[in-house]
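As structure tokens, the structure follows; a few thoughts come after it.
The values are calculated or read from the model by the stated rules, or taken from the named source; none is laboratory data. Bear in mind that the values here come from a model prediction, so they are computed numbers and not experimental data. Here the Cβ is made from the backbone with ideal geometry for all residues, glycine too, and neighbour counts use every protein chain on show.
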């Protein structure tokens, strides 16, 4: 059981790293940081397409990471 959970945890870690690296950045440098606040405050930020899928997949993989980590610690 412990080995199976470790294998799942490693697969989840690699998947989580890949999904985070595939996401586009929210701002590009200092100019993006300054203008990005105005877009968030006054504009309607609706993620669509692949950005939304990657965002949701990141959340699912992060939750799975925490659950698997707790399970590995419990069964160790």
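Quick notes on this structure:
- Within segment 19-39, being surrounded by fewer than 11 Cβ atoms within 10 Å (Cβ to Cβ), modelled with pLDDT of 55 or more and in a helix (DSSP H, G or I) holds for 21, 29, 30, 31, 34.
- Given (1) at pLDDT below 75; (2) in a helix (DSSP H, G or I), index of the condition residue 45 fails: (2)
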